[in-house]
There are 2 protein chains.
Amino acid sequence: MTLRMTRQRAAVTELLDDIDDFRSAQQLHELLRGRGDAVGLATVYRTMQALADAGEVDVLRSADGESRYRRCRERGHHHHLVCRSCGATVELAADVVERWARQVGADYGFADIDHTAELTGICSACAARQRSAAEAAR
Amino acid sequence: MTLRMTRQRAAVTELLDDIDDFRSAQQLHELLRGRGDAVGLATVYRTMQALADAGEVDVLRSADGESRYRRCRERGHHHHLVCRSCGATVELAADVVERWARQVGADYGFADIDHTAELTGICSACAARQRSAAEAAR
DNA sequence: CCCCTCTTTGAGAATGGTTCCCATGTCAAC
DNA sequence: GTTGACATGGGAACCATTCTCAAAGAGGGG
Ligand SMILES: [Zn+2]
Ligand SMILES: [Zn+2]
Ligand SMILES: [Zn+2]
Ligand SMILES: [Zn+2]
């Protein structure tokens with residue numbers, strides 16, 4: 001029952017301190033290897049799953065079906081706005097959405113409502129980069 | 001470029017007429033086989049992908065990573081409320097969410113905002129069924 | 001410190017949904 | 001009909017994730 005502190009788990013949580021985007025288990029595995037903290041891929045998967053179950057990381061499924069993980073500042077429930085180009089991520093409190101979910105559940109007689117709501121877009125830095133690239137090609 | 005009408009594509013679109021829940025490609029394949037309309041699994045995948053690209057079906061990824069498809073009444077953009085127990089589905093117009101997405105995009109300087117927002121819950125029929133099952137076990 | 005026990009690890013195999021390959025079938029334009 | 005581009009399907013390939021199980025190691029009680 002006691003979660004033991006191992007070199008591997010320490011390496012993963014340290015890595016998460018230095019990362020601000022959603023990353024897949026495979027990317028984390030590669031990053032760990034790059035730092036010299038070799039950790040088995042299966043262990044990365046297990047650790048991220050445990051952290052997700054404990055609510056310490058958020059999980060997002062990318063379009064290609066990969067799970068990506070991120071340790072957010074906000075521990076409680078929230079949503080995300082992610083740049084499709086560079087991955088920059090903003091954490092969002094969204095009372096409007098919480099109210100909408102509850103209201104819709106009540107309207108249709110559904111109990112135990114759960115919801116997901118995620119935004120993607122192009123951040124201003126990436127938009128600027130794209131504009132100047134387009135100009136250079138002119 | 002021209003989409004040809006084949007026996008297989010006809011069988012799939014006919015099947016979709018008779019279904020009101022989100023179903024996986026494999027489930028659709030099995031259902032077609034059950035009707036006597038044998039269609040290759042690869043073809044079901046290709047057809048659903050094409051229909052999704054054309055906006056004729058909506059795609060939802062279940063928790064276990066399977067893509068599930070549904071031909072909705074509403075052709076345009078909308079969201080869903082799905083029963084986790086029986087799969088019953090309600091289509092939702094959600095202006096609140098659309099406004100929220102636009103507003104957040106503007107607030108953080110993100111362009112080309114896209115969003116997903118899906119609700120799950122237990123429909124009243126399933127809730128009643130669960131209540132009487134719990135009572136019988138008492 | 002040293003055991004002893006029980007958790008954790010990791011390499012490779014297994015799984016399972018989805019896509020690819022390509023020889024063969026078939027729509028539809030002329 | 002003839003023809004050629006498009007579609008089909010069975011099985012192999014792909015790939016993220018999970019499983020297996022023997023070996024390593026955390027950590028509490030002596
Ligand atoms: Zn960006
Ligand atoms: Zn929320
Ligand atoms: Zn239900
Ligand atoms: Zn919407």
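Derivation of every value follows stated rules applied to the coordinates shown; laboratory data play no part. Small disclaimer: the values here were computed from a predicted structure and weren't measured. Quick reminder, even Gly has a Cβ in these numbers, built from the backbone with ideal geometry, and neighbours come from all protein chains shown.
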Original post:
Using the reciprocal of the averaged 1/r over all distinct C-alpha pairs, how large is the Kirkwood radius of chain A in Å?
Top reply: 17.4 Å
Original post:
Shortest first and in nm to one decimal, what separations exist between B:ARG102 and its copies in the other chains, measuring from label points 7 Å along the Cα-to-beta-carbon line?
Top reply: 2.6
Subject >> Antiparallel %, DSSP beta bridges [both residues in chain B], to 5 >> reply: 70 percent
**OP:** Identify the residue of chain A whose Cβ lies closest to the rotation axis that maps chain A onto chain B, and give that distance in whole Å.
**Re:** A:ALA117, 2
Original post:
What nm distances, shortest first, do you get from the label point of A:ALA54 to those in the other copies when the point sits 7 angstrom along Cα to Cβ?
Top reply: 5.0
Subject >> Exam field: A:LEU41 pseudo-label spacings to other copies (7 Å along Cα-Cβ), nanometres >> reply: 2.2
